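See structure below.
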Amino acid sequence: MAKIAWVDEDVCISCGLCVNNLSGVFRFNDDGKAECYNPEGAAEDEIQREAIDACPVSCIHWKE
Ligand code: SF4
């Protein structure tokens with residue numbers, strides 16, 4: 001089963017890094033927190049590198 005990225009919104013500080021790096025996968029929701037609206041918008045290794053590893057508060061995780 002494909003891995004799907006999700007954002008722990010309680011921890012997200014809305015820095016915008018994942019939204020800027022992967023705008024085809026992440027966006028801000030109405031609360032101003034990042035959300036993964038299109039899990040298949042980028043390859044898994046790209047999501048790992050550009051979002052999960054890059055998030056300053058490590059609040060993006062894989063859900064299987
Ligand atoms: Fe939130 Fe992390 Fe994305 Fe920044 S990189 S907007 S803290 S999920």
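The values are calculated or read from the model by the stated rules, or taken from the named source; none is laboratory data. On a predicted model such as this, the values are computed, not experimentally measured, just so you know. For neighbour counting, all protein chains shown are included, and Cβ atoms are generated from backbone atoms with ideal geometry for every residue, glycine included. All accessible areas refer to the heavy atoms of the entire protein, side chains included, with ligands and DNA or RNA removed. Shrake-Rupley method; radii C 1.70, N 1.55, O 1.52, S 1.80 Å.
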Tally, over the stretch 13-50, of residues that are surrounded by 19 or more Cβ atoms within 10 Å (Cβ to Cβ) and part of a loop (DSSP other than H, G, I, E, B):
3
Inside the stretch 1-10, the number of residues satisfying the requirement of being open to solvent by 50 Å² or more (accessible area, probe 1.4 Å) and within 9 Å of the ligand (Cβ to nearest atom) is 1
What are the pairs, 6+ residues apart or on separate chains, where a residue within the stretch 6-27 that is under 14 Å from GLU50 (Cα atoms) has its Cβ under 6 Å from a residue that is aliphatic (A, V, I, L, M) and more than 8 Å from the ligand (Cβ to nearest atom)?
LEU22/ALA42; VAL25/ALA42
Every residue in the stretch 51-64 that is aliphatic (A, V, I, L, M) and assigned to a loop (DSSP other than H, G, I, E, B), please.
ALA54, VAL57
Under 8 Å between Cβ atoms, which residue pairs at least 6 apart in sequence (or on different chains) link something in the stretch 46-60 that is within 15 Å of VAL25 (Cα to Cα) and touching a residue at least 60 places away in the same chain (Cβ under 8 Å) with a partner that is open to solvent by 70 Å² or more (accessible area, probe 1.4 Å) and in a loop (DSSP other than H, G, I, E, B)?
none
For the stretch 11-23, state whether one or more residues are touching a strand residue (DSSP E or B) at 6+ places or on another chain (Cβ under 9 Å) and more than 10 Å from the ligand (Cβ to nearest atom).
no
